[in-house]
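For reference, the structure is listed below as structure tokens.
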């Protein structure tokens, strides 16, 4: 199966997010209360090391598995959408204590009410799709 | 082996997340999770209602496999790779949460006050879960990314929109935690 590699990456990522406690509602609460360095350490060290990878991708020293230049997708520009979207996501992140990846990890852990959060997230995505042309960008 | 069974410190977890990002790019994809919510909507037939979802999801079938992997990873971590789900929280956090009505903070990964089956069956409990999800789904699409797409991929490649998005994530998170929580749970 050609996608087996993404199954394995997903499994490893799910284990890392669990063992790092980044899927814990409490860790997110603690982060927003500035009462622990834990989440800042995880995100900060992930960003710092990723920045080194990104540098080698950009200068072409590291290529992808088939030898092609690695292109980093440019994020959509637009101050209003990015800030407003960010704030809306932040409200949900703190309330559920989970961002998109941990939603799936926690369902795997057997936290079944997280399925309601997932359905909500799909509904929110759907609402965005309906309104996307009418929203300020 | 004992090290694996204990919670992993940040300086182990952060670099491992960077390696996950590396593998994504190595296999020719960008690292991000929230776009997959869109893919699920497309698979479910949202394209019939809105042109926004008129995309070929088969091009992103790998993303669905990745989500299945995440779920399996959570199952494996909790059932085979953990001796405890206790979290070593700051005692100040535990006391503050007790005042908000969260008993036993840190004994499990997520609080029963939000994530128990009984709570899910109450109107307020169900509404909290659903609304949190809607905010996550809507916000990540409007901002064009979540924690992995903006905070990790975007910041590490020095993209300005990602810095703005992460500032937004924090404004929203701080408002929820400091202002709205006492109103919702107090």
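None of B:74, B:32 is touching a helix residue (DSSP H, G or I) at 6+ places or on another chain (Cβ under 8 Å) and at pLDDT 95 or above except B:74. Being more than 16 Å from the chain's Cα centre (by Cα), under 30 Å from residue A:51 (Cα atoms) and not assigned by TED's automatic domain parsing to the domain that holds residue B:173: is that true of residue B:94 here? In short, no. If you go through segment A:92-117, how many residues are assigned to a helix (DSSP H, G or I) and surrounded by fewer than 24 Cβ atoms within 10 Å (Cβ to Cβ)? Within segment A:92-117, residues that are assigned to a helix (DSSP H, G or I) and surrounded by fewer than 24 Cβ atoms within 10 Å (Cβ to Cβ) number 3. Among the residues examined, residue A:70 does not qualify as more than 7 Å from chain B (Cβ to nearest Cβ), outside any helix (DSSP H, G or I) and in contact with a helix residue (DSSP H, G or I) (Cβ under 6 Å, 6 or more places away or on another chain). Of all positions in segment A:45-63, at least one carries a residue that is assigned to a helix (DSSP H, G or I) and within 20 Å of residue B:70 (Cα to Cα). For residues that are touching a residue at least 24 places away in the same chain (Cβ under 8 Å) and more than 20 Å from the chain's Cα centre (by Cα), scanning just segment A:104-137, find the one that is farthest from residue B:65 (Cα to Cα). Within segment A:104-137, the match that is farthest from residue B:65 (Cα to Cα) is A:136. Scanning segment A:1-38 for residues that are buried (at least 21 other Cβ atoms within 10 Å of the Cβ), more than 7 Å from chain B (Cβ to nearest Cβ) and more than 18 Å from residue B:84 (Cα to Cα) yields a count of 2. Within segment B:91-105, no residue satisfies the criterion of being facing chain A (nearest Cβ under 9 Å), in contact with a helix residue (DSSP H, G or I) (Cβ under 6 Å, 6 or more places away or on another chain) and more than 16 Å from residue A:94 (Cα to Cα).
Per the conditions (1) surrounded by 17 or more Cβ atoms within 10 Å (Cβ to Cβ); (2) farther than 21 Å from residue B:7 by Cβ; (3) at the interface with another protein chain (Cβ under 7 Å from one of its Cβ atoms), the sole criterion not satisfied by residue B:117 is (1). Within segment B:154-165, restricting attention to residues that are in a helix (DSSP H, G or I) and more than 7 Å from chain A (Cβ to nearest Cβ), the residue that is surrounded by the most Cβ atoms within 10 Å (Cβ to Cβ) is B:163.
Being within 7 Å of another protein chain (Cβ to nearest Cβ) and surrounded by fewer than 20 Cβ atoms within 10 Å (Cβ to Cβ) is the filter; apply it to segment B:50-61 and report the residue that is nearest to residue B:4 (Cα to Cα).
Quick first cut of segment B:50-61, residues within 7 Å of another protein chain (Cβ to nearest Cβ) only: B:50, B:52-53, B:61.
Now restrict to residues that are surrounded by fewer than 20 Cβ atoms within 10 Å (Cβ to Cβ): B:50, B:61.
Working: B:50: 46, B:61: 32 Å.
Restricting to residues being within 7 Å of another protein chain (Cβ to nearest Cβ) and surrounded by fewer than 20 Cβ atoms within 10 Å (Cβ to Cβ), the top hit is B:61.
Can you find even one residue in segment A:127-137 that is surrounded by 24 or more Cβ atoms within 10 Å (Cβ to Cβ), over 21 Å from residue B:109 (Cβ atoms) and at the interface with another protein chain (Cβ under 7 Å from one of its Cβ atoms)? Within segment A:127-137 (the criterion being surrounded by 24 or more Cβ atoms within 10 Å (Cβ to Cβ), over 21 Å from residue B:109 (Cβ atoms) and at the interface with another protein chain (Cβ under 7 Å from one of its Cβ atoms)), the answer is yes, since at least one residue qualifies. Of all the listed residues (B:93, B:71, B:84), the sole one being in a helix (DSSP H, G or I) and more than 18 Å from residue B:177 (Cα to Cα) is B:71.
The values are calculated or read from the model by the stated rules, or taken from the named source; none is laboratory data. Because the structure is predicted, anything quoted here is derived from the model rather than measured. Cβ sites come from the backbone with ideal geometry, for glycine too, and all protein chains shown count toward neighbours.
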